[in-house]
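The values are calculated or read from the model by the stated rules, or taken from the named source; none is laboratory data. Computed from a predicted model, the values in this text were never measured in an experiment. Reconstructed Cβ throughout: ideal geometry from the backbone, glycine too, with neighbour counts over all protein chains shown. What goes into the accessible areas is simple: the full protein's heavy atoms, side chains included, and nothing from ligands, DNA or RNA. Shrake-Rupley method; radii C 1.70, N 1.55, O 1.52, S 1.80 Å.
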Amino acid sequence: MKIILNLVLLLAILTTHCFGQNTMMTNLREAPTNGGFQQEGYWVWGSSVIKGEDHLYHMYVSRWPQYLPFHPGWMIASEIVHAVSETPEGPYRFSDVALGARGAQYWDGRSSHNPKVVKYKDTYILYYMGSTHPFEEVTTQNVDEFTLDSKWCIAGRWRKRIGIATAKSPYGPWERLEAPILDVKPDTFYSFLTSNPSPLIKDDGSVVLLFKGRGYQSDEISHGDMSVSVATAPSYKGPYVVMGDEPLFSEQNFGEIEDPHLWSDRHGYHMVAKDQRGRITGEAGDGLLAHSKDGLTWVVDQNPQAYTKTVKWDNGKIIQQGQLERPFVLVEEGEPTHIFFATMDGPGGFKNGSKTWNMVIPLK
């Protein structure tokens, strides 16, 4: 009996160590002021990083012209560009456009956004959100007409879908598909759009894919709250099947979140995401942690707060960022080493910032 009790106690300790204790919030180092990536004349947002066989770190990031308002400019004019650095911290140098506009007739012809890069065997796979619209482009001449209620945004938001592009080199060329890998489905929580993909490819090639969905709120072209759920596929080529009829996270279950990022280590599967309304962490916009044994069933960590918008920089300044979103965790040799963010200056709110960039914080 004593041996059994000791084993139970040991199991409890190990479980708490692996999943119950927050190890990210306490392990954030100072953020390098000259790290990450920014580009003059563009809004940049959301990055994903992978180390190539050339021993360089390759970042894929969204950008769109700064003459457009930050929000909703990304919805109709974002492209995914590629930057490189000798170190994970950067600074990253612009290299090339990975996925640009390719015509309104394509499902992703007007906008490519939310990049997440992974590699399986000799193939790089770039997951992303794509969208299109059938109207003229928004230029400096008609930008005053461009609002969330404009024809461009109504179509651009409604057409958001998840797709992939593949290449044998991080420099491309990238081969895109003629259709999304995860489309909408009527009468579901993702009947309106699919977005924000976060994949994990297992050793056998099968895929676990976290994604954001929105459902129709009525018969009109309007949508409900954000939901995050999971789809699986036997390989990155698909087919992708959404697991279950209810989302993993929603306003009714745990709370509304977005920007999920998925990774794995020896302890299992982990997710970091933005707590949209603060129901889980206590503060809207803070990061939350959750864990899973299989990537399908998820539990919020005992200490769920992964980060706040207050950042300590290596120049000694402590600043509350206007926005801090799109977390991405770089894992090397099975251990998380860095967390990347899209960030904005200003007092908070997309309309109140004048500059965006992708920043990085090393982990202890």
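Structural remarks
- Within the range 264-362, the GluC sites (Glu not before Pro) that combine a DSSP coil assignment with at most 10 other C-beta atoms in a 10 angstrom radius are Glu333.
- Shape of the range 169-290, Cα gyration tensor, a/c cut at 1.5: oblate
- Per residue convex hull volume, Cα atoms of the chain, in Å³: 149
- Spin-label model, Lys168/Thr147: points 7 Å from Cα along the beta carbon direction are separated by 5.2 nm.
- FRET efficiency, 1/(1 + (r/R0)^6) with R0 22 Å, evaluated for Lys355 and His55 via beta carbons: 0.10
- Full extension of the segment from Arg277 to Asn34, taken as 0.36 nm per residue of separation minus the current Cα-Cα distance, would add 84.4 nm.
- Helix-derived mean residue ellipticity, 222 nm - over the chain, DSSP H n ≥ 4, -39500 (n - 2.57), to 500: -2500 deg cm²/dmol
- 1.4 Å probe accessible area per residue over the chain, in Å²: 45
- Residues whose placed amide H lies under 5 Å from that of Gly353, excluding near-sequence neighbours: none
- With θ taken as phi - 60° and the Karplus curve 6.51 cos²θ - 1.76 cosθ + 1.60 applied, the whole-hertz 3J(HN,Hα) list for the range 92-105 is 8, 9, 4, 10, 6, 8, 7, 10, x, 5, 9, x, 4, 6 Hz, x standing for glycine and proline.
- Dimensionless Rg ratio for the range 28-148, taking C-alpha atoms and the 2.2 N^0.38 Å reference: 1.14
- In terms of its alpha-carbon gyration tensor, the range 214-364 comes out oblate; a/c meets the 1.5 threshold, while b/c is at least as large as a/b.
- Short-range pairs are left out: with C-alpha atoms under 8 Å and at least six residues apart, the relative contact order of the chain is 16 percent.
- Sites matching trypsin sites (Lys or Arg not before Pro) across the range 26-132 that sit in DSSP coil, with at most 10 neighbouring C-beta atoms within 10 Å: Lys121
- Expressed as a whole percent, the accessible area of the range 304-348 that falls on carbon and sulfur atoms is 48 (1.4 Å probe).
- The angle between the Cα long axis of helix 2-15 and the main principal axis of the chain comes to about 20°, on a 0 to 90 degree scale.
- Among Ser112, Ser235, the sequence by solvent-accessible area, most first, with a 1.4 Å probe is Ser235, Ser112.
- D_trans [Stokes-Einstein, Kirkwood Rh over alpha-carbon pairs] for the range 94-220, 10 °C, 1.306 mPa s, µm² s⁻¹: 100
- Point-charge dipole on Cβ atoms (K/R +1, D/E -1) for the chain, about Cα centre, debye to 20: 360
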